[in-house]
Structures are given as structure tokens and as C-alpha cells.
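Notes follow once the structure below has been shown.
The values are calculated or read from the model by the stated rules, or taken from the named source; none is laboratory data. Because the structure is predicted, anything quoted here is derived from the model rather than measured. Note that each Cβ is placed from the backbone with ideal geometry, even for glycine, and that neighbours are counted across all protein chains shown. Each accessible area value is taken on the protein alone, full model and side chains, heavy atoms only, with ligands, DNA and RNA left out. Shrake-Rupley method; radii C 1.70, N 1.55, O 1.52, S 1.80 Å.
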Amino acid sequence: MEKAIPDKRKKKLSKDQLTAMAFLLPSIIFVIVFVYGFISWTGYISLSNYNTIVPDYSFAGLKNYLYLFNDFRFQADLRNTLFFTILFIGAVILLGLALSILLDQKLKGESIFRNIFLFPMALSFIVTGVVWQWLLHPSTGFNKFLNLFGIQPKWYTDTTILAGFKWGSIEFGLPVAIIAVVIAAVWQMTGFSLAMYLAGLRGIGDELREAARMDGATEFQVYMKIILPQLMPITMSVVIIMAHISLKIFDLIYAMTGSGANFVTDVPGLYMFETTFRGNYYANGAAIAIIMLLLVAVFIVPYLWSSRKGEN
């Protein structure tokens, strides 16, 4: 029986492929070194005893992680991040969807409204934090107007925990102060979801809606049974991107509230910054960074996996 002779021509790369690889190679090397290399180094530091100014790379096991999960401040950070993520994503999706449906009604001056809603995205979270810190300050801004009606809200200085109950050493529940931060974040990012949903709505053919109306469907049924299911991939994309932002949020809270009284507005990003660069607890800071990476991966990895399966 004759052996099959391998076709060497198939293994030979074309000139275009070699050119493409030559352009991609520097980027691949930079990503490997400065992304995955630094992630690996951070993971290594998180397992060391490097918690002083003097480097100490001796192996400490999971000591730094166990310390964090028993730390009152880090427990409060996880609680705040959970409620911030839920409120932020929910509000951005609902507001963005509602505004995009309104703009899809072919209103006069649509471009003006679109620019108004998209403008906050041009600002950084630092600028947004400074502006809303002034607007919601108990003695200035919007509160001056509310004071005329006898209303004196505390906003981000409020330490109340709604529906709170003791869980370990912290009071688990919704921190009222985090709502002020959510308002600022939603103001900045709603334009993004609006643009995504508006593009999705414009991509749905009118004949599909007309066919449903001719079959007797009400306008509410058209949206619930035809349009919203068609927008599901966009909703998934918005959830992934907003979750990614909320889990690593730092600059908005740093500029607006800081950690807050009793850590009611503290988040892991802020704790990591203060632990690492002000306290010189490098191993603890690295452990916080790795936990944040794992939290983001909880959202990103299943999405990438399902997208990959869809492509196949």
C-alpha cells in the first residue's frame, strides 16, 4: 500500500500571510509581555509576603486572599460592587432602550436629542465625578433647590443600609449612598446603550412589524414578541460591557465620594489603589487585583464561549 505523499505546497505560507504575520508579531509580543506577563506577575506577587517597602518574594500561599475575605472593608466592597452592578446595568439598559424607542418614532430634531444623550460619553469618569460631587453635595447644587421644599437629602454622605441584615461582620443590604454614584454613572453611559439599541431598531425591517400588525398584534405585543427578542444580542453586549465597567470602576468614585463613611461607597478598585500605592501592601493589593480580574472573567468568559460556539 502506497503512503500518501504530503502536499508541501499547502504548508507554504503566501506572501500576504507572511506580511500579515510580520505586522501582527510586534502586537502579539507586546500583548504577551505587557498584558499576560504582568497578570502572571501580579498573581505571583499576590501569593508572596511582599507587604512592605522592602521586596519579599517568599511564598505565602493563600494568606493574602484569606486576609481580604475576613477584612471588613473588603466585604463591604463586594457588597457595594454587587448592588452598584445590578442597579447600574439595569438602569442603563432600561433607560437606553426606552430612549431609543422614543427616538425611533422619527421625531423632529432627532439628531439634536441624540447628541444631547451621547455628549456625556465624551467626558471622562473623573470629570463626571467632580460635576456630580458638586451637584449632589448636601450644601450646594441641586440640594439648594430641594431645601426650598424642606427636603434635605444626604446623597452620598448617607450611611443608611436599606433592607439590611448582618452577614458576617458587615451589614448586608443596599447602601443608600451608592445610589448617588449609580445616578452619575448612568448619566454618563446611557448614551452608549441608546446608540446600540437605536442601531438595532433601525436594523429591524418595517415589513416584519407590518406583518405582525396585520395579524392582529397590538403595538405592545409587537415590541414584546418581535422587537425585543431581535434586540437580545445587543442586550447581551450592553450587559457585558457595563459589567466590565462596573466591576473595575475606580475614577468616578475616587473623584465623587471616596470610600465614604463606614465604606458605604468603597469598591475594590479604590481599596486596591490605597492598599498598594499608599499603604505599600503590595501582596494584598495584587490579591485584590486578581479577585477583580476573576470577577470580570465571570461575565466575559461565558460570553466569549457562547460567541465562539455561535460562530462555529
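Annotations
- Between Met272, Met256, Met214, the Gaussian network model of the chain with springs among Cα atoms under 10 angstrom shows the greatest mean-square fluctuation at Met214.
- P(r) for the chain, from all Cα pairs and a bin width of 20 Å, is 24, 47, 25, 4, 0 %, short bins first.
- GNM flexibility winner over the chain from Pro233, Pro302, Pro175 (Cα, springs under 10 Å): Pro302
- Less than 5 angstrom separates the built amide H of Ser48 from those of Ala60, all sequence-distant by 5 or more or on a different chain.
- Per-peptide packing, taken as the mean over residues of other Cβ atoms within 10 Å, places 69-77, 280-288 in the sequence 280-288, 69-77 from highest down.
- In this structure, Val301 and Leu24 have a Cβ-Cβ separation that, at R0 = 25 Å, corresponds to a calculated FRET efficiency of about 0.60.
- In plain terms, the chain from Leu146 to Tyr36 could stretch by 34.6 nm, reckoned as 0.36 nm per residue minus the Cα-Cα distance.
- Note that the chain presents 61 Å² accessible area per residue, ligands and nucleic acids not counted, probe 1.4 Å.
- Here r is the Cβ-Cβ distance between Met121 and Met214 and R0 is 22 Å; the resulting FRET efficiency, rounded to 0.05, is 0.05.
- For segment 187-193, Karplus couplings with θ = phi - 60° (6.51, -1.76, 1.60), whole Hz, Gly/Pro x: 4, 6, 9, 4, x, 5, 5
- Under 14 Å, Cβ to Cβ, from Arg213 - net charge with Lys/Arg +1 and Asp/Glu -1: -3
- The helix-only estimate of mean residue ellipticity at 222 nm for the chain, built from DSSP H runs of length n ≥ 4 each weighted as -39500 (n - 2.57), is -20000 deg cm²/dmol after division by the residue total.
- Within straight-line cross-link reach of Lys108, aspartates and glutamates at Cα separation under 20 Å, skipping those fewer than 8 residues along the same chain: Asp206
- Highest mean packing comes first when the peptides 196-202, 19-25 are listed by Cβ atoms within 10 Å, giving 196-202, 19-25.
- In the chain, a dipole from Cβ-located charges (positive for Lys and Arg, negative for Asp and Glu) runs towards its positive end, and of Ser27, Leu208, Phe142 it is Ser27 whose Cα lies farthest in that direction.
- Intensity falloff of segment 191-265 expressed as log10 I(q)/I(0), Debye formula with alpha-carbon point scatterers, at q = 0.11, 0.14, 0.21 Å⁻¹: -0.48, -0.62, -0.93
- Segment 117-163: chymotrypsin sites (Phe, Trp or Tyr not before Pro) in DSSP loop, at most 15 other beta carbons within 10 Å: Phe149
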